[in-house]
Structure formats: C-alpha cells, structure tokens
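The values are calculated or read from the model by the stated rules, or taken from the named source; none is laboratory data. Computed from a predicted structure; not experimentally measured. All Cβ positions, even for glycine, are placed from backbone atoms using ideal geometry, and neighbour counts span all protein chains on display. Ligands, DNA and RNA are excluded from the accessible area calculation, which covers all protein heavy atoms including side chains. Shrake-Rupley method; radii C 1.70, N 1.55, O 1.52, S 1.80 Å.
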Amino acid sequence: MFAHLLIGALAGASLLLLVDYARKKELTLKWWHWLLTILGIIYAIFVLELIVGFFSEGAPQAALVMGGMTGIVGVVWGVLLRRFVFAKQSA
C-alpha cells in the first residue's frame, strides 16, 4: 500500500514541477501539450503499478520483463515531450 501512495505522490509532484518549470521558462503551451503531458504521467503510473503488481504477486522476473517492455515506451514518450514540448521556444 505504501508503494501505491509513493507512486501517486511522485506523479503529483512531477506534474507540479512541470507546471513550475513552464512558468519559470515562460513557455506558452497549448492545451494539447498539457494533454500529452498528463497522459504521459498516467502511463508512467500504469508502468510503475504494473511493476508493483507483479512484485506483490511474487513474480519478479515478470516485473522485470514487463516493466522493461512498457518502460521503454514511457522513456521515449518523456524524451519526445522534453524535446518538442518543453524545449525553450525561439521567438
């Protein structure tokens, strides 16, 4: 149960830190930028909960395999968000 609370707190903190980052860098983000960001955070929650679920079932090898397969998509999503959404926009 503690792992679920930790994952939720981490997701909430990451969203708040992204909002603060966008304000400090004075980024003008459209609504679909935020939609992609929120969907990315939801996907990261899914991946982490998948890993925790497999560990709680006593299948660490399955947690490693499924976490790796789904985690790669999450990492690519995050890199693309950083590169195309949260990059400093030239005026």
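Here are the numbers for this structure:
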read-out: Selection count, the range 12-28, where residues are open to solvent by less than 50 Å² (accessible area, probe 1.4 Å) and over 13 Å from Ile38 (Cα atoms); value: 2
read-out: Filtered residue count, the range 29-47, keeping only those that are open to solvent by 70 Å² or more (accessible area, probe 1.4 Å) and under 18 Å from Met1 (Cα atoms); value: 1
read-out: Leading residue by the ranking (most open to solvent (accessible area, probe 1.4 Å)) among those in the range 51-73 that are within 23 Å of Met1 (Cβ to Cβ) and not hydrophobic (A, V, I, L, M, F, W, C); value: Glu57
read-out: Matching entry among Lys30, Lys24, Lys88 (being in contact (Cβ under 8 Å) with a residue 40 or more places away in the chain, among the charged types (D, E, K, R) and at negative phi); value: Lys88
